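Structure record follows, encoded as structure tokens.
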Amino acid sequence: MISFLDIHKINKPYEEAFQNKLKQVMDSGWYILGEEVKLFEKNFADYCKAKYCIGVGNGLDAIILSFLAYIENGHLKRGDEIIVPANTYIASILGILQAGLVPVLVEPDIETYNIDAKLIEEKISPKTKGILVVHLYGQLANMDDIIGIAYKHDLLIVEDCAQAHGLNFKGSHTRTFSFYPGKNLGALGDGGAVITNDEKLSKTIYKLRNYGSEKKYYNEYIGFNSRLDEIQAAFLNCKLPNLYSDNEKRRLVAKGYLSEIKNDKVVLPKVENFDDHVFHLFVIRCEDRDKLQTYLLDNGIQTLIHYPVPPHKQKALESWNNWSFPITEKIHKEVLSLPMSPVMTNDEINKVIQILNSY
Ligand SMILES: *Cc1c(COP(=O)(O)O)cnc(C)c1O
């Protein structure tokens, strides 16, 4: 069986390094916000060519805390509208809602799956104050147009980069990351981070993640407990140096798929520029998606669906259920994620191609 993502195989080469780190953290006697978190924050800020990195509990909190920091600093207020793609993982939308802001959904481009920049301006109202960009599946959204629109309407941009570690980003916006185990840079548990060049914002987030406090027992904000774990930061410090080469391997898998998969029933993703994609996922479309998924499974290939139900059709967002986003809905009905990881062998890649071509 070719698994969709063999996380054990991804982490296996680090086993000894992880054990050394575990012992080191254990022996230090300091398990929350210690040297490893500080080191990772420095390493990841450098990696992202940004000034500040704040380690937080997970990717959802990274979004919530970023927006709340903009509110605390007076750049946003509760009830402001934030543009967000209708076609995203629900966490993007929950991050806006949990900060007391109002998501305004915009349809994606059917070929890239990312937000369709041409449709943003018609959704802008006097209450619109920001855009949460999502680089879905690891592909850079249309930033040139989005940055132009944001500039024209004085909107702030936050980027949900939970699927886009190592991407060549454009512009200097606040960016949020998740280190959930299956992401391109994954921990052995939950983790997240915010990257920003805004010193004041970074200070507010450092406090918000830790009870709103900088000085122990003195609380400046109604804060949270959402800190990147010391031991997870230690593991991430082991893995970060290989993120670049891991993403290169993902690109090779994608290049193989894109050049060799030839089947009229299968729509391949449109990749405008390989340098602007880190292939967190390789997502094809097929009208009889469920049948194709069963066929692949019967032939020893595990696939997943990202995602089966769009956010506006979720029970949690019941009052949105009658909204209509036909492109988003079509994508959710037709997408299928092929096996994709930096540890796939050539034989595995070739088998996926061959089985798909014979469907
Ligand atoms: C994974 C993911 C998140 C949330 O990350 P967690 O660490 O699981 O909270 C947010 N946005 C997108 C697009 C994601 O894929």
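The values are calculated or read from the model by the stated rules, or taken from the named source; none is laboratory data. What you see is a predicted model; the values in this text were computed from it and never measured. As a convention, Cβ positions derive from the backbone with ideal geometry for all residues, glycine included, and neighbour counts pool all protein chains shown. With ligands, DNA and RNA removed, areas are computed over all heavy atoms of the protein, side chains included. Shrake-Rupley method; radii C 1.70, N 1.55, O 1.52, S 1.80 Å.
For the reader, a short list of remarks on this structure follows.
- Net charge, residue 222 excluded, C-beta distance under 14 Å - Lys, Arg +1, Asp, Glu -1: +1
- For segment 7-240, the solvent-accessible area works out to 43 Å² per residue, with a probe of 1.4 Å and every protein chain left in place.
- For segment 198-273, lysine pairs separated by 8 or more sequence positions, or belonging to different chains, with Cα-Cα distances below 26 Å total 13.
- Globularity index of segment 132-271, i.e. its alpha-carbon radius of gyration over 2.2 N^0.38 Å: 1.28
- Among 95, 300, 29, residue whose mean-square fluctuation peaks in a GNM of the chain (springs only between Cα atoms under 10 Å): 29
- Amide H within-cut-off set for residue 2, under 5 Å, with H built and near neighbours excluded: 301, 302
- Based on protein heavy atoms only, segment 243-357 ends up with 49 Å² per residue of surface accessible to a 1.4 Å probe.
- The chain: calculated mean residue ellipticity at 222 nm from DSSP helix runs of at least 4, using -39500 (n - 2.57): -11500 deg cm²/dmol
- Cα-derived Rg to Rh of segment 243-357, Kirkwood definition: 1.01
- The chain, accessible surface, carbon-and-sulfur percent (1.4 angstrom probe): 52
- Rounded, prolate or oblate (a/c below 1.5 giving rounded, otherwise prolate when a/b exceeds b/c) for segment 47-185 by Cα gyration tensor: rounded
- Summing +1 for each Lys or Arg and -1 for each Asp or Glu among the other residues whose beta-carbon sits under 14 angstrom from that of residue 134 gives -3.
- P(r) histogram, all alpha-carbon pairs of the chain included - 10 Å bins from 0, percent: 5, 24, 32, 25, 11, 2, 0
- Gaussian network model of the chain, Cα within-10 Å springs - most flexible of 265, 12, 216: 216
- Placing +1 on the Cβ of every Lys and Arg and -1 on the Cβ of every Asp and Glu, with nothing else charged, gives the chain a dipole about its Cα centre of roughly 460 debye.
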